[in-house]
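The next block holds one structure in the form of structure tokens; read it before the comments.
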Ligand code: GRG
């Protein structure tokens, strides 16, 4: 059985997920670092609650697998992946808040603000975002400061105004929260809101591996296709999935009147676009040959996932 067949692929994903979980547990220990004063228990508990609760860890997996193409040491890639996962977990905590999506369930458990309170959940998100940048700048990530700097800048841009946070703003505006409801540019919105972090996961390996321009371009295109595929699969799951498997209620997009890839393209159109994107992702990796088969399998996994 090779690492790209269904069962072996899931095992490989689970292995990275377990390693990420262990690393996050270690990073979120209660001992203050140099120049930190204390780590308040309630805040640390909420950060752990929001990040040590069993997601798929797809983003760290993308960092680890893209970095593996260049022979980057596994521990360095895992550390960069943990930084990225901290940002993802912060975004989920904040997205669930009453002022955003007002969700009660995440990953099959009460959301952070339900388990704690709104103020603690906001601070837990803030502190996860901040610790991500502490982690990504560490010496163990790469011996060359210029590489760490490029990685840090790319992570900031994926997370901030021109990336995830900006995409979230466009999403809220598209719901008509700030005045007239105007249909958003769904492709751009999703490329920012959901796609940017996934894309970062793919180019992180190229940055860590000091890839050639051509290699970087391949992972860049792959990352964009994967990001859009992830969101289309998410939109289809929201329509066709069931709450027990999703770990959150289904049908939320419809209830909130969101414009999604499904409302834009129709169910069949969205499924066809998803297929095309998987082909695009596959083709983008041509230069890596068989070495990129795990990333190819990841694109298929993203399209076929049930949660
Ligand atoms: C609050 C700044 C800010 C941004 C929030 C990404 C995001 C923006 C909100 C998440 C809302 C959401 C459910 C989007 C759909 C796509 C998505 C990110 C799903 C969750 O990602 P998975 O499936 O989750 O990788 P796990 O639980 O496996 O980590």
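Quick note: the coordinates plus some simple rules give every number you see, no bench work behind them. In this text the structure is predicted, and so the values were computed from the model without any measurement. A quick note on method: Cβ atoms are made from the backbone with ideal geometry, for glycine too, and the neighbour counts reach across all protein chains shown.
Please report 283, 259, 111, 194 as a ranked list, fewest other C-beta atoms within 10 angstrom at the top and most at the bottom.
With the fewest neighbours first, 283, 259, 111, 194 line up as 283, 259, 194, 111.
Taking just the alpha carbons, could you work out the radius of gyration and Dmax for the chain, both in angstroms?
That works out to 18.7, 55 Å for Rg and Dmax.
Using 0.36 nm times the number of residues separating residue 181 and residue 42, minus their current alpha carbon distance, what extension gain do you get?
Extra length from residue 181 to residue 42 when fully extended: 46.2 nm.
Specify the inter-centroid distance of region 269-307 and region 19-86, based on alpha-carbon positions, in whole Å.
What the calculation gives is 26 Å, centre to centre.
Which FRET efficiency value, to the nearest 0.05, is calculated for residue 33 and residue 149 with the Förster distance at 22 angstrom and r the Cβ-Cβ distance?
With a Förster radius of 22 Å, E is 0.60.
By counting other Cβ atoms within 10 Å of each Cβ, how are 38, 72 ranked from fewest to most?
38, 72
Among 90, 49, 216, which comes first, then next, by fewest other beta-carbon atoms within 10 Å?
Ascending number of Cβ neighbours within 10 Å: 216, 49, 90.
Given the options 286, 154, 76, which has the most mean-square fluctuation in a GNM of the chain, springs set between C-alpha atoms less than 10 angstrom apart?
Result: 286 has the largest fluctuation of those listed.
How far apart, in nm, are the 7 Å Cα→Cβ label points at residue 118 and residue 273?
Modelled inter-label distance: 3.4 nm.
Hey, rough spin-label estimate for residue 3 and residue 130, points 7 angstrom out along Cα→Cβ, what's it come to in nanometres?
3.7
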